[in-house]
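Following: one structure in structure tokens, then a few remarks.
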Amino acid sequence: MFKNLKIFLHQGKQFIPDVRTAKAPGVFRGRPVISTEAVDEKAFADTCPSGAIGTSPVSIDLGKCLFCGECERCFPNKVHFTDDTHLATNVRERLIIREGEDKPIEVDKDAVRPEIRGIFSRSLKLRQVSAGGDASCEAELNATGNVQFDLGRYGIEFAASPRHADGVLITGPISANMAKALELTYEACPEPRIVVLDGTDAISGGMFAGSPDLDRSFLDNHQVDLYIPGNPAHPLTVINGILDLTRK
Amino acid sequence: MDNKVLNIKNGSCVKVSEIPVLSYDCFRATTLELMSDKARHCSSYFAYPCAEGLRLMMCIADDTAHDIKVFACDVNKGDSLVSAAKDCLALERYEREIHENWGLEFEEHPWYKPVRDFMPGKYKFFEMEGEELHEVGVGPVHAGVIEPGHFRFICNGEDVLHLEIQLGWQHRGVEHLMLSKKRTIERVLLAEGIAGDTSVSHSTAFAGVWEALCGIQPDKSVLWARTLAAELERMANHTGDLGAICGDVAYQLGAAVYGRLRTPIVNFSQRWCGNRLGKGNVRPAYAPYAFTEELRQQLLSDLKAYERDFLEMSDKIQHFPGVLSRLDRTGIVTTEQAESIGAVGMAAKCAGVCRDTRASHPYGVYGTMDIKPVVKDTGDVLARTELRIDEVKQSLAIVRTLLEDMPAFNTQVRPMGEPMADCFAISLTEGWRGEICHCAVTDADGELAAYKIKDPSFHNWMALALAVRGNEISDFPICNKSFNLSYCGHDL
């Protein structure tokens, strides 16, 4: 008992007081800023292993970017990854960053379904489905629940059963073997329900895009309410993304 | 024996023509003879297309001779072969995998069930008859935030008689993509994604294979950085697992403290390479992120704070009956079982089998460090818990030793050239779960003809299935957590 209390006291204050404005420590490869400097666009695009770089105008699609930093290393004057962790949005096109742009990525409030802000703004339970996820996004989701990030303070939690959930949060590129289980899990959630894609693999398939062992047809049939880029997505990106989606 | 096998060291590259090609009878007999020695285990066994038929490639690691015995066998597509697994259980999953990927038949195989390609909903699980028995199916979607897999229990009341584990849900086609993606940066990113919680050790294994194929010896600073990153990865994962184990026995203080102690380790990784899980920190031939004096001071102070709280918490759970009563003598894997299924890493070391690549087949700068593997002999959940605590202490010591002798860094990309033609390369690393093995074979043009990945979970899932027999089904979560095996690393 006393030992427990001693340990308890030794922890000090661990929680991050304001997750909305908290910064990731040290270097964090977050939202990129692309300068207007003229470069060989094809050579620049070719540095990207996952085909995230587009040309004329030069752009980086964060839905495909694996944040490996290869483009910044090869073209340090052309692109710089800032420490901005706020990367999530509900509009897929907003993940495409064009050269010369330096503005925050935001949720388009007008495009959010009215029931999300009406019903889920104070309490949201999500069923997480890993469908080919590599366990890094899953590890970071678990970290959102630790005493530092403490996602639960916002009334947001991961539910054990889809019957208790308000939607699914998908990690991984959606392997063919998980396609049916994902569909069944989604169908088991009561309506209204939301779909969140966590991590670049979920948004575009990442390095696995085009593999015959994937089946991404779920995304053709259901509307996605939130895209959270990252490899894996940082807990701050996840929490702020969900808050931006659900809070007025 | 000498003319039947080629003895090579970890991280080496040989001409394919140097590898002895045996008849299947001889191949099988040689395999069984080598595997009869407990100091040896199968690190990889795979098939790849060669000329008109298939070539079987066997890689058996010898922990006392510190080398890897490699030999091959040419067979025709559609051949039916006498199973070696019927006499050596450790090979059973390899044979099933070869059957599934290439259509070879293995006669008298002990349990010919699918490895990954099981057509969800169609596969018929193992059944037992009995009025008292009932089945419990769990997954693929589990209650927690973890990866998918299906567990089928056959229980007598509360007791588990049998557990069948069906994996494959996570299959993404990594090995296929390794061949179809042609650039090194693409392949290294694939390697990081094999198991994202082990990205450092898997990308180190990839880099080892690639450097061997290209004939490059990386600088000491590169090896030093990989070793440091791998130990930080081990500490972070072990700490997180300890928190999860406490959570599963409803000891909230432990869950909270270990949960938050993982943070300074992963945050340090981010300070160093920009990614909390070490993705991006390992590239073939060079170290992309310099380790500076400022980082050194940061890490030393982070570790000092971490160690104080880690030791205090660990001392508490190791003397707290509320926790110990759930861990002690739960989920036992015996030494015989661990040896027979070819367990590696934690699953082996907790059952008295000393198998640690860092000591037996050293790579990076481990060769200069005299690593003494932590070994426990009770094989239960408590052993796997205490092993993590002891390995974290060991990693702390390794990291501090590394920090005393910090090399100068050159983060310039080093040109690699092309992989040599008609070669075979192998690279073993000790991920936090155990031995990782990557093998590559190149064709006459220097293109990859085969790339084989083996995650330690490939061996160790069977250990979990054996561990829960005779336990209450309510102890399954704690057993599962004590192994914390990789689904995606197995499913590839």
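The numbers here are math on the coordinates, done by the rules we state, and not lab data. Keep in mind that what you see is a predicted model, and the values were worked out from it rather than measured. Note: ideal-geometry Cβ built from the backbone for every residue, glycine included; neighbour counts use all protein chains shown.
Centroid-to-centroid, using Cα positions, the range B:381-414 and the range A:127-199 are 33 Å apart. For the range B:168-219, taking the reciprocal of the average inverse distance between every pair of different Cα atoms yields a Kirkwood hydrodynamic radius of 11.7 Å. Look at the dipole of the range A:1-152 built from charges on Cβ: of A:Ala45, A:Cys74, A:Ser130, the Cα furthest out on the positive end belongs to A:Ser130.
The residue among B:Trp461, B:Asn7, B:Asn267 whose Cα reaches farthest toward the positive pole of the charge dipole of chain B, with charges on the beta-carbon of Lys, Arg, Asp and Glu, is B:Asn267. Annotation note: trypsin sites (Lys or Arg not before Pro) in the range B:173-271 located in DSSP loop regions with a Cβ neighbour count of at most 12 within 10 Å are B:Lys182, B:Arg183.
Averaged over peptide B:260-266, the number of partner chain Cβ atoms lying within 10 Å of each residue's Cβ comes to 4.
With Kirkwood's inverse mean 1/r over C-alpha pairs for Rh, give me the Rg to Rh ratio of chain A, two decimals please. Looking at chain A, the ratio lands at 1.00.
If packing is taken as the mean number of other Cβ atoms within 10 Å per residue, what is the order of B:127-137, B:38-48, highest first?
Final packing ranking: B:38-48, B:127-137.
Per-residue mean of foreign Cβ neighbours for A:226-233 is 2 (Cβ atoms of other chains, 10 Å radius). Placing R0 at 30 angstrom, the Cβ-Cβ distance between B:Phe126 and B:Lys77 gives a FRET efficiency of 0.55 after rounding to 0.05.
The alpha carbon centroids of the range B:147-185 and the range B:1-50 are separated by 27 Å.
Overall, the range B:1-105 carries a charge dipole of about 180 debye about its Cα centre when +1 sits on the Cβ of Lys and Arg and -1 on the Cβ of Asp and Glu, all other atoms neutral.
Is the range B:1-44 best put as rounded, prolate or oblate by its Cα gyration tensor, with a ≥ b ≥ c the root eigenvalues, rounded for a/c under 1.5, and otherwise prolate when a/b is larger than b/c, oblate when not? Show your work: numbers first, answer last.
Working: a/c = 2.18, a/b = 1.17, b/c = 1.87.
Since a/c reaches 1.5 but b/c is at least a/b, the shape of the range B:1-44 is classed as oblate.
Given a cut-off of under 8 Å on Cα pairs at least six residues apart, what relative contact order in percent is computed for the range A:1-107? With pairs under 8 Å counted, the relative contact order is 32 percent. Reported value for chain B: 134 Å³ per residue, from the convex hull of its C-alpha atoms.
Annotation for the range B:292-324 versus the range B:228-274: alpha-carbon center distance of 10 Å. If you wrap the range A:13-91 in the convex hull of its Cα atoms and look at it from every side, the mean projected area works out to 6.5 nm². What 222 nm value per residue comes from the helices of chain B, counting each DSSP H run with n ≥ 4 as -39,500 (n - 2.57) and dividing by all residues, nearest 500 deg cm²/dmol? Only helices count here, giving -13000 deg cm²/dmol. Close amide H partners of B:Leu22, meaning residues 5 or more places away or on another chain with modelled amide H under 5 Å apart, are B:Ala72, B:Cys73, B:Asp74.
For the range A:1-80, the residue among A:Ser35, A:Pro25, A:Ile7 whose Cα projects farthest onto the positive side of the dipole built from Cβ charges is A:Ile7. When you filter the GluC sites (Glu not before Pro) in the range A:73-166 for DSSP loop state and at most 16 other Cβ atoms inside 10 Å of their Cβ, you are left with A:Glu101, A:Glu106. Just so you know, the Rg over Rh for the range B:356-492 is 1.06, from Cα atoms, with Rh as the Kirkwood radius. Each stretch of four or more DSSP H residues adds -39500 (n - 2.57); spread over every residue of chain A, this sum gives -7500 deg cm²/dmol at 222 nm. For the range B:1-86, GluC sites (Glu not before Pro) meeting the loop criterion (DSSP other than H, G, I, E, B) and having at most 15 other Cβ atoms within 10 Å: B:Glu52.
The simple Förster model, with R0 at 60 Å and r as the Cβ-Cβ distance, assigns A:Leu9 and A:Gln223 a FRET efficiency of 0.80.
Averaging 1/r over every pair of different alpha carbons in the protein assembly as shown and inverting the result gives a Kirkwood radius of 26.3 Å. Computed about its Cα centre, the charge dipole of chain A is approximately 1100 debye, with only Lys, Arg, Asp and Glu carrying charge at their Cβ. Over the range B:252-345, all Cα pairs binned in 10 Å intervals from 0 give whole-percent P(r) values of 13, 27, 26, 26, 8, listed from short to long.
Note that the range B:320-330 has calculated 3J(HN,Hα) couplings of 9, x, x, 8, 4, 5, 7, 9, 5, 6, 9 Hz, one per residue in order, obtained from phi through the Karplus relation 6.51 cos²θ - 1.76 cosθ + 1.60 (θ = phi - 60°); glycine and proline are x. Among the residues of A:173-184, the average count of other protein chain beta-carbon atoms within 10 Å of the residue beta-carbon is 5.
For the range B:1-124, the relative contact order is 23 percent, taking Cα pairs closer than 8 Å that sit 6 or more residues apart in sequence and dividing their mean separation by the residue count.
Listed cross-link partners A:Lys78/B:Lys454; B:Lys349/B:Lys452; A:Lys180/A:Lys248; B:Lys4/B:Lys38 are compared with a 27 Å cut-off, the Cα-Cα value being larger for A:Lys78/B:Lys454; A:Lys180/A:Lys248.
Efficiency by 1/(1 + (r/R0)^6): what FRET value for B:Asp328 and B:Asn156, r their Cβ-Cβ distance, R0 = 41 Å, to the nearest 0.05?
After rounding, the FRET efficiency stands at 0.95.
With the alpha-carbon atoms as the only input, what is the per residue convex hull volume for the range B:82-125 in Å³?
About 72 Å³ per residue, rounded to a whole number.
Given +1 at the Cβ of Lys and Arg, -1 at the Cβ of Asp and Glu and no other charges, the dipole of the range B:336-492 around its Cα centre is 440 debye to the nearest 20.
Exposure proxy ranking for A:Asp46, A:Asp213, B:Asp455, B:Asp74, based on other Cβ atoms within 10 angstrom of each Cβ and starting from the fewest, stands as A:Asp46, B:Asp74, A:Asp213, B:Asp455.
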